[in-house]
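Take a look at the structure set out below.
The values are calculated or read from the model by the stated rules, or taken from the named source; none is laboratory data. What you see is a predicted model, and the numbers here were worked out from it, not measured in a lab. Glycine also receives a Cβ, built like all others from the backbone with ideal geometry; neighbour counts cover every protein chain displayed. Only protein heavy atoms, including side chains, enter the accessible area calculation; ligands, DNA and RNA are left aside. Shrake-Rupley method; radii C 1.70, N 1.55, O 1.52, S 1.80 Å.
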Amino acid sequence: MTETLAAPERRDAPPSMIERMTLILDAFNGPSARLTLEDVARRTGLPRSTAHRILDQLVRQRWLAHHSFGYGLGQRALGLGGQDGGHGKIREAAAPYLHELQVTTGLVAHLAVLDGAEVFYLDKLGGRLAASVPSRVGGRAPAHSTALGKAMLAWLEPEQVDALLGTGITRLTSRTIGELGTLHQELHRVRQRRGLAFERGESFPGIACVAVAIRGAEGPVAGISLVGDIHTPLENVAPLVVTAARETAQVLFPGSAAAGRPGGRTRRAHADRPVPAHTWSAATMNRLLAVDGRGDWM
């Protein structure tokens, strides 16, 4: 009697490089995700050395970005393309300060640039609150309705603001500024507050934000903000945003006088010497947070 030999057990072939790269990219479950090497190895099931090698390759090709606190999606993965117009440098400079803001406050931290009449979001860190804030990396919002937009518009000449916005100011909510003249008044108040811009419910009902521009010698290059719900005491965290914007500017423009100043127009002399953010007292903040006739922050 002839004995039938069992066929050897077939083993699955190891995943290809493309499959392993896809596993790693899929481990980042959102534009704001930040993962360590250990996180990636655990989520993908890949050996740590393999994950590290592929991560390095993805960083070099800009599919991922590597920061001191972990890896995040890069320019290509975010749909921003391989050529980012200098935005990658801004994201890299701001990344540790955004991370510190988010961890310290528990609020949503944003980084954005001004693109015409809109703000363009470069980064978003949010933890558990991120889903409640309707913004996304690579998304846009009207500049006049956001604290980020107002923080950057405040350091442009009025004629530049008029040219950018034209007659395109529309109301998104009942609290949105709807007239160019009113916007100029608001931008004047931003300058009086040493660059602090606020909005409560102007972009989306129930959302509040404080922002400060990152400024170089030629004007604003980006802005940093913290976002919470309408009841968030933003005056308590405003100095932290000022510090983050100032330190990011110092990384981008070392030695620049404008990079160290939270206030004052770039091309026009300002009589007041700004107070460093870390020394701001409660009384100073109360003076900076001017209110209009309705008792709203403007």
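Of note, residue 78 satisfies the criterion of being among the aliphatic types (A, V, I, L, M), at pLDDT below 70, buried (at least 17 other Cβ atoms within 10 Å of the Cβ) and within 27 Å of residue 121 (Cα to Cα).
The rows are residues; the columns are (1) among the acidic types (Asp, Glu); (2) out of contact with any Pro (no Cβ under 6 Å at 6 or more places or on another chain); (3) closer than 20 Å to residue 122 by Cα.
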position	(1), (2), (3)
140	no, yes, yes
148	no, yes, yes
162	yes, yes, no
170	no, yes, no
177	no, yes, no
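Taken as a whole, the condition of being at pLDDT 85 or above and of a type outside the set (Phe, Trp, Tyr) does not apply to residue 11. Among the residues of the range 163-183, is any under 15 Å from the mean Cα position of the chain (by Cα), farther than 22 Å from residue 69 by Cβ and at pLDDT 90 or above? No; the residues of the range 163-183 include none that is under 15 Å from the mean Cα position of the chain (by Cα), farther than 22 Å from residue 69 by Cβ and at pLDDT 90 or above. Tell me, yes or no, whether the range 199-211 has at least one residue that is open to solvent by less than 10 Å² (accessible area, probe 1.4 Å) and modelled with pLDDT under 90. Scanning the range 199-211, I find at least one residue that is open to solvent by less than 10 Å² (accessible area, probe 1.4 Å) and modelled with pLDDT under 90, so the answer is yes. Residue 270 passes every criterion in (1) open to solvent by 10 Å² or more (accessible area, probe 1.4 Å); (2) modelled with pLDDT of 90 or more apart from (2). For first residues located in the range 215-230 and among the polar types (S, T, N, Q), partners that are part of a strand (DSSP E or B) and lie 6+ apart or on another chain with Cβ distances below 7 Å form the pairs 225/110; 225/209; 225/210; 225/211. Residues in the range 185-195 that are in contact with a Gly (Cβ under 9 Å, 6 or more places away or on another chain) and either of a type in the set (Val, Ile, Thr) or open to solvent by less than 10 Å² (accessible area, probe 1.4 Å) (or both) were compared, and the one that is modelled with the highest pLDDT is 195. Which one is least open to solvent (accessible area, probe 1.4 Å), of the residues in the range 163-184 that are under 21 Å from residue 116 (Cα atoms), in contact (Cβ under 8 Å) with a residue 40 or more places away in the chain and not small (Gly, Ala, Ser)? Among them, the one singled out is 165. Of the candidates 65, 130, the single residue that is out of contact with any Phe, Trp or Tyr (no Cβ under 9 Å at 6 or more places or on another chain), farther than 17 Å from residue 234 by Cβ and modelled with pLDDT under 90 is 130. Exactly one residue out of 91, 53 is modelled with pLDDT of 90 or more and of a type in the set (D, E, K, R), and it is 53.
Is at least one residue of the range 237-259 over 26 Å from residue 87 (Cβ atoms), modelled with pLDDT under 90 and open to solvent by 30 Å² or more (accessible area, probe 1.4 Å)? Scanning the range 237-259 turns up no residue that is over 26 Å from residue 87 (Cβ atoms), modelled with pLDDT under 90 and open to solvent by 30 Å² or more (accessible area, probe 1.4 Å).
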